[in-house]
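The values are calculated or read from the model by the stated rules, or taken from the named source; none is laboratory data. For clarity, every value in this text was computed on a predicted model and none was experimentally measured. Cβ coordinates were reconstructed from backbone atoms using ideal geometry, including for glycine residues, and neighbour counts include every protein chain displayed. Note: accessible area is taken over every heavy atom of the protein model, side chains too, but ligands, DNA and RNA are not part of it. Shrake-Rupley method; radii C 1.70, N 1.55, O 1.52, S 1.80 Å.
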Amino acid sequence: MRRTLAISKRVTLELLRDKRTLMLMFLAPILILILMKLVFSANTSVDVKVATVNVSDGLVQQIDKMKGVKAVKFDSKKSAENSLKNQQVDGIIQSKKTDFYVTYANTDPSKTAATKAALNSSIMVNNVTELKRTLSKIQSQLPMQASSSTTQHVKPKIHNDYVYGNSKTNFFDKMLPILMGFFVFFFVFLISGMALLNERTSGTLGRLLATPVRRSEIVFGYMLSYGFLAIFQTLLIVLFTVYGLGVEVVGNIFNIVIVNVILAFVALAFGILMSTFAKSEFQMMQFIPIIVIPQIFFSGIIPLDTMAHWVQVIAYILPLKYSGEATTAIVMNGENLWSVMSPILVLILFLIVLTALNIRGLRRYRKV
Amino acid sequence: MKASVVSMKNVLKKFGDQVVLDDFDFEIQPGKIVGLIGPSGSGKSTVIHILLGMESAQAGEAFVFGQSMPDRKLLSRIGYMAQTDALYERLTGRENLQFFAEMKGVDPALVSEQIEHVSAVVELVDELDKKTSGYSGGMKRRLSLAISLLGNGDLLILDEPTVGVDPALRQSIWRELHRLRDQGKTILVTTHVMDEAELVDDVAMLIAGKLREYGQPDQLKKKYHESTIENIFLKVESQNETNVSHI
Ligand SMILES: Nc1ncnc2c1ncn2[C@@H]1O[C@H](COP(=O)(O)OP(=O)(O)OP(=O)(O)O)[C@@H](O)[C@H]1O
Ligand SMILES: [Mg+2]
């Protein structure tokens, strides 16, 4: 125990004297969060102009009514195509018999999407209007029966109710709980990995192992110091997002910190493990695109159930998926720790396995 | 005869295909300073690593204090100084000493006293509160030596302790080693400096994976009719080379 404490004290002291790394751990996440808030909260309206050829007047008017979409009638496909080439319009809708043929400039996917959506809903609205017309025609021929129901003619109104946040809730809010975990994972993984790598290449690990220290005491000493670091980092990030950026956290902030600290331990154990496969700091950096970045995709930012089955399987071996699941539930649904126990338990399982591997792995440098 | 402090028997050590130690035998009697000399790359550090349990031999046995190595607990009785100055550069000299004292399990009440003592031996008392990143090469070497003296181990294993140390300080270090020997400690030193090999009780020459010569400097000088260890070493080395070329 004395040795574990001494090691964690030493690791902490070294970290505290490394001002740059500290800044990286504490200021970089804040900076990125501010930037993301600005970028994702931007008003993302699109302005689309579509050319219509041979499309019925009713439909053209309907499309034109759509928000952000302007429809212009063209006489021939040729002239419409010219306009498309000159970037005066973003798409052409041509009607042939009952079918529509749509050409997209497709230089801006959001415009393409807007055009598609506008056309689809316009066709729908148009069809409904026609249907109504036909119906009323039929009704006039059958005066007795259903008249009571049609006369009421209640226009349905949609009432919006948001479980989390409000109508301003955007992608940023969805990403935030996951991002918090990502920052913790990324920095702890990298910095602890580098620290142990340094210890190995500078020879201090050899010197350390020439004392009667237990291999487990080294690993636990590292865990203790990085655990503290992760507590501070998470607290800072959480407090900043809640009070600085005004993001709503439904659940208990304390629970988020707990989940992230467990994640930090996993990141630490992972970093130490990967550092044994690296010969230099640069090789340690090479793990970022392989191990750290892919985790973002599986952490819940993109819904897992939309992915192919075999891709989903990958997610199950990535720690960030579980922390993302747990923190999202806490931040957005206000769940307590008990109801997110299963992802937490998986994280703890990761931790135990990785720690055991690390203690075992130090045998490479001392045979007992 | 007293039991050997260090005893290696039929040790075979290979790195891949490269045979570094081949049927290697080595004994060190208690209370002796043994100088292990050999060409660069001959395996001196490897011998030390095997004794400390940092490498394992493919065959043969290594004992320290009669116990088979590797053995974690035994390490508290061994002071080790590596060939590279492995120091925590962001910490001060004192913090480095403090840390390793705790790792060695030095009684907390004795820690500061020991730090005083070992830093006085290597003449670093005035520099103790400086970060080691600001130390000169020789200062690092001295701090490294001071660390190995912590814990008052019965066996000191020093891998080239005097590299980069000025002559005056080198003399005082050797005086300290002799003093420690007189207190009953056993010391294994590797060196490239041949006049240092005159200061040891026994010289061991490691050449081509085997202990080619082992004895008191004076006896070796008589045997080879040479006046310096350096000449003996060159002689033994060239003999070995001609042997090899005959094969
Ligand atoms: N971890 C290792 N992996 C592969 N080869 C190694 C390893 N350690 C040592 N060797 C090889 O073993 C041989 C002996 O190395 P060692 O460090 O023991 O030599 P040395 O006698 O201490 O040399 P020097 O006087 O230069 O310090 C060298 O040829 C070296 O290349
Ligand atoms: Mg060496």
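Computed values, structure above
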read-out	value
Complete set of residues in the range A:191-210 that are more than 8 Å from every other protein chain (Cβ to nearest Cβ) and free of Cβ contacts under 8 Å to residues at least 12 places away in the same chain	A:Glu199
Output for the range B:157-175, where each listed residue is hydrophobic (A, V, I, L, M, F, W, C) and within 16 Å of ligand 2 (Cβ to nearest atom)	B:Ile157, B:Leu158, B:Val163
Total residues in the range B:44-77, condition near ligand 1 (Cβ under 9 Å from one of its atoms) and in contact (Cβ under 8 Å) with a residue 12 or more places away in the chain	6
Test: residue in the range B:51-62 that is of a type in the set (S, T, N, Q), out of contact with any Asp or Glu (no Cβ under 9 Å at 6 or more places or on another chain), within 11 Å of chain A (Cβ to nearest Cβ) and assigned to a loop (DSSP other than H, G, I, E, B)	yes
Boolean, B:Gly41 is within 16 Å of ligand 1 (Cβ to nearest atom), assigned to a strand (DSSP E or B) and more than 13 Å from every other protein chain (Cβ to nearest Cβ)	no
Number of the condition not met by B:Gly79 [criteria: (1) within 21 Å of B:Lys140 (Cβ to Cβ); (2) away from chain A (no Cβ under 11 Å)]	(2)
Leading residue by the ranking (surrounded by the fewest Cβ atoms within 10 Å (Cβ to Cβ)) among those in the range B:39-54 that are within 13 Å of ligand 2 (Cβ to nearest atom) and at positive phi	B:Gly41
Yes/no for B:Ser7 being touching a Phe, Trp or Tyr at 6+ places or on another chain (Cβ under 8 Å) and hydroxyl-bearing (Ser, Thr, Tyr)	yes
Residues located in the range B:157-172, provided they are surrounded by fewer than 23 Cβ atoms within 10 Å (Cβ to Cβ) and not charged (D, E, K, R)	B:Val163, B:Gly164, B:Val165, B:Pro167, B:Ala168, B:Leu169, B:Gln171, B:Ser172
Odd one out for B:His192 among (1) open to solvent by less than 30 Å² (accessible area, probe 1.4 Å); (2) within 16 Å of ligand 2 (Cβ to nearest atom); (3) under 13 Å from B:Ile37 (Cβ atoms)	(1)
Strands (runs of 3 or more DSSP E) wholly inside the range A:45-147 containing at least 2 residues that are open to solvent by 50 Å² or more (accessible area, probe 1.4 Å) and among the aromatic types (Phe, Trp, Tyr)	A:99-104
Matching residues, the range B:20-38, being within 13 Å of ligand 1 (Cβ to nearest atom) and open to solvent by 50 Å² or more (accessible area, probe 1.4 Å)	B:Asp22
Conditions (1) open to solvent by less than 10 Å² (accessible area, probe 1.4 Å); (2) in a helix (DSSP H, G or I); (3) within 9 Å of chain B (Cβ to nearest Cβ); number of the one not met by A:Val213	(2)
Where B:Val122 falls short, out of the listed (1) away from ligand 1 (no atom under 16 Å from the Cβ); (2) open to solvent by less than 20 Å² (accessible area, probe 1.4 Å); (3) at pLDDT 90 or above	(3)
Residue within the range B:8-19 that is within 16 Å of ligand 1 (Cβ to nearest atom), small (Gly, Ala, Ser), closer than 30 Å to B:His178 by Cβ and more than 14 Å from chain A (Cβ to nearest Cβ) present	no
Evaluation of A:Pro289 against (1) in contact (Cβ under 8 Å) with a residue 60 or more places away in the chain; (2) open to solvent by 30 Å² or more (accessible area, probe 1.4 Å) (one fails), failing number	(1)
Test: residue in the range B:134-146 that is buried (at least 24 other Cβ atoms within 10 Å of the Cβ), more than 16 Å from ligand 2 (Cβ to nearest atom) and under 15 Å from the mean Cα position of the chain (by Cα)	yes
Scope the range A:243-252; condition surrounded by fewer than 16 Cβ atoms within 10 Å (Cβ to Cβ) and of a type in the set (A, V, I, L, M); matching residues	A:Val250
Elements of type helices (runs of 4 or more DSSP H) in the range B:126-235, at least 3 residues being at pLDDT 90 or above and aliphatic (A, V, I, L, M)	B:137-149
The range B:84-110, residues that are hydrophobic (A, V, I, L, M, F, W, C) and away from chain A (no Cβ under 11 Å)	B:Leu97, B:Ala109, B:Leu110
Single unsatisfied condition, A:Phe26 versus (1) within 28 Å of A:Phe240 (Cα to Cα); (2) within 14 Å of chain B (Cβ to nearest Cβ)	(2)
Subset of the range B:176-189 that is among the hydrophobic types (A, V, I, L, M, F, W, C) and out of contact with any Leu (no Cβ under 6 Å at 6 or more places or on another chain) - its residue that is farthest from ligand 2 (Cβ to nearest atom)	B:Leu180
Boolean, A:Lys77 is farther than 30 Å from A:Asp173 by Cβ and modelled with pLDDT of 85 or more	yes
